[in-house]
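Everything below concerns the one structure shown next.
The values are calculated or read from the model by the stated rules, or taken from the named source; none is laboratory data. Everything numeric here is computed off the predicted structure, so don't read it as measured data. Quick reminder, even Gly has a Cβ in these numbers, built from the backbone with ideal geometry, and neighbours come from all protein chains shown. We work out accessible area using only protein heavy atoms, side chains counted, and drop any ligands, DNA or RNA first. Shrake-Rupley method; radii C 1.70, N 1.55, O 1.52, S 1.80 Å.
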Amino acid sequence: MRGESLRVSEVFSSIQGEGPSVGTPSVFVRLQGCSVGCTWCDTKYSWDAERGEERALERLLQQVKGAGPQNVVVTGGEPLEHPALGPLVQGLHVLPRRIEVETAGIAVPGDLPVDQWNVSLKLAHSGVPSERRLVAPAIERFRGIVQGQHIARDVEIAQCSDKRLVEALNAAACKYFGQQQQDAPRLSGRVHYATSR
Ligand code: SF4
């Protein structure tokens with residue numbers, strides 16, 4: 001970890017606004033760089049991996065530590081494309097902090113001490129070709145993480161259409177939140193499911 005540096009878009013404290021930890025005071029670490037290219041993306045300033053600010057990992061960890069909240073949300077950009085995601089997560093784990101990582105789920109995640117993956121698969125209305133936004137090995141890996149927590153044994157994701165994907169992930173979300181499917185939040189606009197260790 002010593003000497004590692006990474007490109008950061010911004011670091012700020014706020015309240016987690018979505019998912020199982022909604023309402024939790026959190027430090028958000030927005031990493032720079034995303035190649036997905038959703039047409040409606042509201043953080044296009046985070047796309048270019050060369051922009052943002054180069055920051056020493058040790059300095060970033062001290063900044064997070066000084067911010068106060070125990071929950072850290074690593075977001076982007078696309079964290080799974082960031083070369084220093086592993087060292088960052090390991091460093092946060094050592095602090096220690098509870099770690100969430102927000103991702104579009106377009107790459108196979110490493111074996112990292114992430115407490116909660118917030119996976120938001122992109123649908124056709126993102127304008128991104130399906131082969132770039134629905135990567136079967138990555139989805140399978142996240143499904144494995146979910147299954148390991150006995151949340152969604154019956155999710156069938158590989159090679160399904162967007163509609164089936166939404167239905168499958170809605171079912172998974174219902175199980176996660178312990179709700180009946182009809183009571184679950186509608187997820188068709190933004191497929192979002194989360195896992196916790
Ligand atoms: S994956 Fe996220 S950061 Fe990347 S373009 Fe889509 S919405 Fe924006």
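Residues in the range 19-34 carry Karplus couplings, in order, of x, x, 9, 3, x, 8, x, 8, 9, 9, 10, 8, 7, 8, x, 7 Hz; the curve used is 6.51 cos²θ - 1.76 cosθ + 1.60 with θ = phi - 60°, and Gly or Pro positions show x. Distance between the pseudo-spin-label points of VAL22 and LYS65 (7 Å out from Cα toward the beta carbon): 3.4 nm.
Largest to smallest in accessible area, the residues ILE15, ILE106 fall in the order ILE15, ILE106 (1.4 Å probe, all protein chains included).
3J(HN,Hα) along the range 108-116: 5, x, x, 7, 10, x, 8, 7, 8 Hz, from the Karplus curve 6.51 cos²θ - 1.76 cosθ + 1.60 with θ = phi - 60°, whole Hz, x for Gly and Pro. Residues TRP40, TRP47, TRP117, sorted by accessible area with the largest first, give TRP40, TRP47, TRP117 [1.4 Å probe; ligands and nucleic acids excluded].
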